[in-house]
Amino acid sequence: MRVVIRRLLVVAVLASGCARKREAAPAEMEEIASFMLRVWDDDRALEDAMVNLAPWLEENSTAEDAQDGYRLTPLSEESVSTLDRPDRDLSGLLGAAVAGVSPFTIHEHAGTALLPDQVFSNPRNYESYVRTVEGDEALFLDCEGQVDTTNDITTSNFGVTIPYVLRKDYKWVHARDLGEAIIARSWIPEKGCNESGENCLQQSFSIDLWYAAVPDETIRFTSTWSEVTSSLDGLIGEDLQIAALANGMAFVFEATDEFIAEQ
């Protein structure tokens with residue numbers, strides 16, 4: 001009996017020594033957003049990231065700076081290494097993050113994610129936005145699981161029209177001692193250009209988050225990195241492009257709330 005116990009202890013020690021160590025989630029908002037992109041397939045890591053981000057969201061979601069937007073640095077290769085993306089240097093990415101509070105529940109927001117026509121989320125810029133959903137939609141509406149979407153989009157900004165295909169995945173996260181949350185990641189697998197080839201969305205990545213900090217409201221957060229090349233290059237500076245990016249995300253929050261209210 002003593003020999004058996006000793007063997008079991010040895011096996012346990014060896015198993016614990018070979019177990020994969022969990023990487024600690026970062027503490028800063030910008031680092032957490034890029035971390036979520038990188039560890040998307042690891043539910044425990046996403047939960048850790050959500051635990052670290054929640055205090056920042058609860059403190060800053062109503063701040064003027066959060067609604068105007070924060071400038072983000074370009075992503076690292078490691079952050080997007082698991083994604084099928086354009087073979088392009090990431091240094092050209094411009095990034096921004098925006099946060100706010102919606103007066104609607106996270107369950108109402110979950111329902112909008114499954115709609116085939118997504119133009120409602122930004123009718124000012126989307127000429128068309130057709131979504132195809134894969135996954136168990138009923139389970140997702142029951143606050144569990146994940147759905148993946150493929151989106152055929154035509155967008156217009158500064159008079160520049162660009163068609164592209166966007167992949168966007170949504171996942172429920174039930175982090176310890178927190179309310180429910182949905183985290184979404186998006187990216188384009190190939191660049192999208194207009195017919196002339198002058199105007200292109202070269203690459204794009206984002207993390208979206210809906211957080212039920214209180215029962216009847218939802219904190220929203222979006223961080224986006226994108227690179228656009230167009231006939232307007234040189235005429236529109238980086239600051240204006242980032243401001244337009246942040247304003248567009250804030251408008252999505254507003255337009256989505258208006259859509260839910262009308263429904």
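The values are calculated or read from the model by the stated rules, or taken from the named source; none is laboratory data. All values derive from a computational prediction rather than experimental measurement. Note that each Cβ is placed from the backbone with ideal geometry, even for glycine, and that neighbours are counted across all protein chains shown. The area values use the complete protein model at the heavy-atom level, side chains included, leaving out ligands, DNA and RNA. Shrake-Rupley method; radii C 1.70, N 1.55, O 1.52, S 1.80 Å.
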Filter the range 178-191 for residues that are closer than 25 Å to residue 79 by Cβ and out of contact with any Leu (no Cβ under 9 Å at 6 or more places or on another chain); the one that is least open to solvent (accessible area, probe 1.4 Å) is 178
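Mind checking which residues of the range 104-127 are touching a helix residue (DSSP H, G or I) at 6+ places or on another chain (Cβ under 7 Å) and either open to solvent by less than 40 Å² (accessible area, probe 1.4 Å) or of a type outside the set (Lys, Arg) (or both)?
Of everything in the range 104-127, those that are touching a helix residue (DSSP H, G or I) at 6+ places or on another chain (Cβ under 7 Å) and either open to solvent by less than 40 Å² (accessible area, probe 1.4 Å) or of a type outside the set (Lys, Arg) (or both) turn out to be 104, 108, 110, 111, 112, 114, 120, 121, 122, 123, 125, 126.
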Of the residues in the range 50-91 that are part of a helix (DSSP H, G or I) and touching a Pro at 6+ places or on another chain (Cβ under 8 Å), the one that is least open to solvent (accessible area, probe 1.4 Å) is 90
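Do we find a residue being of a type in the set (A, V, I, L, M), surrounded by fewer than 16 Cβ atoms within 10 Å (Cβ to Cβ), at pLDDT 95 or above and assigned to a strand (DSSP E or B) anywhere in the range 165-172?
Initially, the range 165-172 is screened for residues of a type in the set (A, V, I, L, M), giving 165-166.
Add one more test, that the residue is surrounded by fewer than 16 Cβ atoms within 10 Å (Cβ to Cβ), and what stays is 165.
Next, only the ones that are at pLDDT 95 or above stay: 165.
With assigned to a strand (DSSP E or B) added as a condition, the list becomes 165.
Scanning the range 165-172 turns up at least one residue that is of a type in the set (A, V, I, L, M), surrounded by fewer than 16 Cβ atoms within 10 Å (Cβ to Cβ), at pLDDT 95 or above and assigned to a strand (DSSP E or B).
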- Report yes if residue 99 is in contact (Cβ under 8 Å) with a residue 12 or more places away in the chain, under 19 Å from the mean Cα position of the chain (by Cα) and farther than 25 Å from residue 246 by Cα, otherwise no. no
Given (1) open to solvent by 20 Å² or more (accessible area, probe 1.4 Å); (2) modelled with pLDDT of 95 or more; (3) in a strand (DSSP E or B), residue 161 misses just (2)
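In the range 192-208, is there at least one residue being within 16 Å of residue 54 (Cα to Cα), buried (at least 17 other Cβ atoms within 10 Å of the Cβ) and not basic (Lys, Arg)?
So in the range 192-208, the residues within 16 Å of residue 54 (Cα to Cα) come out as 207-208.
Now restrict to residues that are buried (at least 17 other Cβ atoms within 10 Å of the Cβ): 207-208.
Filter once more, so that each one left must be not basic (Lys, Arg): 207-208.
Yes, the range 192-208 contains at least one residue that is within 16 Å of residue 54 (Cα to Cα), buried (at least 17 other Cβ atoms within 10 Å of the Cβ) and not basic (Lys, Arg).
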For the range 92-108, the count of residues that are assigned to a helix (DSSP H, G or I) and at pLDDT 95 or above equals 3
Residue 223 fails exactly one of (1) open to solvent by 40 Å² or more (accessible area, probe 1.4 Å); (2) of a type in the set (Ser, Thr, Tyr); (3) touching a strand residue (DSSP E or B) at 6+ places or on another chain (Cβ under 8 Å), namely (1)
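What are the residues in the range 102-132 that are hydrophobic (A, V, I, L, M, F, W, C) and either within 18 Å of the chain's Cα centre (by Cα) or closer than 16 Å to residue 155 by Cβ (or both), if any?
Kept after step one, since they are hydrophobic (A, V, I, L, M, F, W, C), are these residues of the range 102-132: 104, 106, 110, 113-115, 119-120, 130.
Within the range 102-132, 106, 110, 113, 114, 115, 119, 120, 130 meet the criteria.
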